[in-house]
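In what follows, a structure is listed as structure tokens, so that the remarks can point back to it.
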Amino acid sequence: MSRFLAITLAEDCLRRAAAGDRGAQQVVYEVAAGPAFALIRRMVRSRADAEDVFQDCMVGLLRHLPQYRGDAPFGAWVRQLALRQCLMHFRSPWQRVRQTLDVVAPVADALEHQATEPPLADRTDLERALASLPDAARAIVWMHDVEGLSHEEIGALFGRSISFSKSRLSRAHALLREQLVDHRATEPVSAGAGMAAPRALP
């Protein structure tokens, strides 16, 4: 479940924050910062880049608060801002140069502990596979499979069609399966232990 769904703020607090009340703005920052950074960190490989994107996101959040009209839950609005900031980062000329030069990026941090999470070994394999995906593919997987955005919403964020989101997600799932199968196939088998079949992604 998306952490953004848990963000709740009183309308009075949002009004005061939009009007420039520093105390109310601090409250908004505190409730939005955790989910926003978690999302950005999953989508942006480099921690240093993720921190820069996060700072830009939070500055933009406070700057655009007067534009929030309550048409959607506040958490969903914050999520849209964070996603758009990530996509702006992916489209930046410097980021494209880095991708062309194939700069080595660190593997993403461990996913947050949840009651339904897979065993540690499986989780690590999945994190490694996710980190190997191209930026756009990794973003679409996270937006669709974790945040629950529809193909229509994802297509709109990228300025593309629904079929663009569907085809990229399908290809990303195929790449993830390949990564997981390849990794399991090269794992050493301990004495007396059989090799488990790789888990397929949905």
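The values are calculated or read from the model by the stated rules, or taken from the named source; none is laboratory data. Remember, it's a predicted structure, so these values are computed and weren't measured experimentally. As a convention, Cβ positions derive from the backbone with ideal geometry for all residues, glycine included, and neighbour counts pool all protein chains shown.
Worth pointing out:
- Within segment 121-152, being part of a helix (DSSP H, G or I), at pLDDT 90 or above and surrounded by fewer than 18 Cβ atoms within 10 Å (Cβ to Cβ) holds for one residue alone: Glu152.
- In segment 45-86, the residues that are touching a residue at least 60 places away in the same chain (Cβ under 8 Å) and of a type in the set (A, V, I, L, M, F, W, C): Phe74, Ala76, Val78, Leu83
- Ala50 being modelled with pLDDT of 80 or more, surrounded by 15 or more Cβ atoms within 10 Å (Cβ to Cβ) and in contact with a Lys or Arg (Cβ under 8 Å, 6 or more places away or on another chain): yes
- Taken over segment 13-32, the residue count meeting the criterion of being surrounded by fewer than 16 Cβ atoms within 10 Å (Cβ to Cβ) and farther than 13 Å from Phe74 by Cα is 7.
- Number of positions in segment 146-176 that are over 15 Å from Asp135 (Cβ atoms) and of a type in the set (Val, Ile, Thr): 2
- Residue match in segment 180-187 (condition: at pLDDT 75 or above and not assigned by TED's automatic domain parsing to the domain that holds Leu83): yes
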